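See structure below.
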Amino acid sequence: MLSRTNTTIGAIVTNGKFDRAELTRIAAQARNAYARSINPVGTLADGDTIYASSCGELVDADVNMAGTLAAEVMAKAIENAIISSRMDDAEYLSNCLILPEKQE
């Protein structure tokens, strides 16, 4: 059996005045970016995590808007990480496991 892992760690940092429960909600909303950008995602082999934190001079902000924007920003960050990757296709493919052919 082939074991595949796909661990993605993200951080949302805001200056919004949010309590712990609201920051947890923002992180949960930001996880939507993983579903938009990564396939497969959310498997039992994944170690995906998103942290959310408020810091600096805190201002009043809407938790739903912050979570929505966090998901948009996280999706863009994942896209940028993929685009800026310096591994070309040949190098990537040389590191992939070759699946055995199905016996029928």
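Considering only the other residues whose Cβ falls under 11 Å of the Cβ of GLY10, what net charge follows from Lys and Arg at +1 and Asp and Glu at -1? Please list the in-between numbers first.
Details: positive: ARG31; negative: ASP48.
Net charge around GLY10: 0.
Of the listed peptides 16-22, 38-44, 70-76, what is their order by residue-averaged count of other C-beta atoms within 10 Å, with the highest listed first?
On the way: 16-22: 14.6, 38-44: 10.6, 70-76: 18.4.
Ranked by mean Cβ neighbours within 10 Å, highest first: 70-76, 16-22, 38-44.
Of the residues ARG25, ARG86, ARG36, which exhibits the maximal mean-square fluctuation in a Gaussian network model of the chain defined by a 10 Å Cα contact cut-off?
ARG86
Against the longest alpha carbon principal axis of the chain, how many degrees, from 0 to 90 and to the nearest 10, is the axis of helix 20-30 turned?
40
Which of SER84, SER37 has the fewest other C-beta atoms within 10 Å, and how do the rest follow up to the most?
Starting with the residue having the fewest Cβ neighbours, the order is SER84, SER37.
Can you tell me the dipole magnitude for region 9-94 around its Cα centre, using point charges on the Cβ only (Lys, Arg +1; Asp, Glu -1), in Debye to the nearest 20?
That gives a dipole near 160 debye.
Taking the Cα centre of region 1-56 as origin and charging only Cβ (+1 Lys, Arg; -1 Asp, Glu), how large is the dipole, in debye to the nearest 20?
Details: 6 positive and 4 negative charges, 17 e Å.
So the dipole magnitude of region 1-56 works out to roughly 80 debye.
In degrees between 0 and 90, to the nearest 10, how far off the longest principal axis of the chain does helix 63-83 point, with axes built from Cα atoms?
30
For a quick size check, give me the Cα extents of the chain along its three principal axes, largest first, whole Å.
Cα spread of the chain along its principal axes, largest to smallest: 60, 30, 17 Å.
Let me have the 222 nm mean residue ellipticity of the chain computed from DSSP H runs of 4+ only, each contributing -39500 (n - 2.57), with the sum over all residues rounded to the nearest 500. Please list the in-between numbers first.
Working: 4 runs with 44 residues, N = 104.
The per-residue figure over the chain is -13000 deg cm²/dmol.
All of the numbers you see were taken from the coordinates with simple rules; none came from a lab. These figures come from a predicted structure and were not determined experimentally. With ideal geometry, Cβ positions are generated from the backbone for all residues, glycine too; neighbour counts draw on all protein chains shown.
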